[in-house]
């Protein structure tokens with residue numbers, strides 16, 4: 001049985017793409033919900049198209065839906081995308097998308113989402129429930 005080590009404020013988290021497949025959930029559908037009005041008009045009805053994506057921390061190349069890049073490069077960068085009014089778990093998800101899924105600690109997330117304490121971020125994403133595939137990153141300090 002694998003040993004579980006409780007994540008800390010220094011543990012790096014990321015969006016685990018494999019979680020979406022394991023849960024039989026569509027990352028594409030979730031990304032469509034975060035398209036800004038201009039991108040929604042342009043991309044919402046286009047068929048899925050995979051592109052190569054390079055994990056910035058590991059250099060691993062994965063195939064991802066083009067919508068990831070659209071949301072990352074445009075929609076998640078808009079001032080109105082992530083505010084104190086954005087649902088908390090969605091704000092964290094969009095923060096990872098905007099940062100190209102670069103692993104971040106709860107302390108680093110708190111710097112970006114100042115209205116949520118780092119301890120709250122840690123407790124939310126290290127509990128039994130997984131929100132939007134956000135989990136400790138492989139090799140993350142625990």
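The values are calculated or read from the model by the stated rules, or taken from the named source; none is laboratory data. Note that the coordinates shown come from a computational prediction; the quantities given were computed from them, not determined experimentally. We place every Cβ from the backbone using ideal geometry, glycine too, and count neighbours over all the protein chains shown.
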Sole miss for residue 99 among (1) out of contact with any helix residue (DSSP H, G or I) (no Cβ under 6 Å at 6 or more places or on another chain); (2) touching a residue at least 40 places away in the same chain (Cβ under 8 Å); (3) closer than 21 Å to residue 7 by Cβ is condition (2)
Among the strands (runs of 3 or more DSSP E) confined wholly to region 5-104, which include 1 or more residues that are modelled with pLDDT of 95 or more and at negative phi? 13-15
(1) buried (at least 20 other Cβ atoms within 10 Å of the Cβ); (2) at pLDDT below 95 all hold for residue 134 apart from (2)
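Going by the conditions given, is residue 107 touching a helix residue (DSSP H, G or I) at 6+ places or on another chain (Cβ under 7 Å), in a loop (DSSP other than H, G, I, E, B), within 16 Å of residue 136 (Cα to Cα) and touching a residue at least 40 places away in the same chain (Cβ under 8 Å)? Write out each step before concluding.
Numbers: touching a helix residue (DSSP H, G or I) at 6+ places or on another chain (Cβ under 7 Å): yes; in a loop (DSSP other than H, G, I, E, B): no; within 16 Å of residue 136 (Cα to Cα): yes; touching a residue at least 40 places away in the same chain (Cβ under 8 Å): yes.
So residue 107 fails the test.
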Working carefully through the options 50, 18, find the one that is closer than 17 Å to residue 136 by Cβ and surrounded by fewer than 15 Cβ atoms within 10 Å (Cβ to Cβ). 18
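Out of 67, 27, report the one residue that is within 25 Å of residue 106 (Cα to Cα) and touching a residue at least 12 places away in the same chain (Cβ under 8 Å). Steps first, answer last, please.
On the way: 67 fails: within 25 Å of residue 106 (Cα to Cα).
Within the list 67, 27, the selection yields 27.
Is at least one residue of region 126-139 on the phi > 0 side of the Ramachandran plot and over 13 Å from the mean Cα position of the chain (by Cα)?
We begin by selecting, within region 126-139, every residue on the phi > 0 side of the Ramachandran plot; these are 132-133, 139.
Among the residues that remain, those that are also over 13 Å from the mean Cα position of the chain (by Cα) are: 139.
Looking for residues that are on the phi > 0 side of the Ramachandran plot and over 13 Å from the mean Cα position of the chain (by Cα), one finds at least one in region 126-139, hence yes.
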Taking region 110-142 only, how many residues are part of a loop (DSSP other than H, G, I, E, B), more than 11 Å from residue 15 (Cβ to Cβ) and touching a residue at least 60 places away in the same chain (Cβ under 8 Å)? 5
Say we look at region 113-123 and pick out the residues that are buried (at least 16 other Cβ atoms within 10 Å of the Cβ) and either under 17 Å from residue 55 (Cβ atoms) or modelled with pLDDT under 95 (or both); which of these is farthest from the chain's Cα centre (by Cα)? 116
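Residue check: is residue 40 within 17 Å of residue 75 (Cβ to Cβ), in contact with a strand residue (DSSP E or B) (Cβ under 7 Å, 6 or more places away or on another chain) and surrounded by fewer than 18 Cβ atoms within 10 Å (Cβ to Cβ)?
Working: within 17 Å of residue 75 (Cβ to Cβ): yes; in contact with a strand residue (DSSP E or B) (Cβ under 7 Å, 6 or more places away or on another chain): no; surrounded by fewer than 18 Cβ atoms within 10 Å (Cβ to Cβ): yes.
In short, no.
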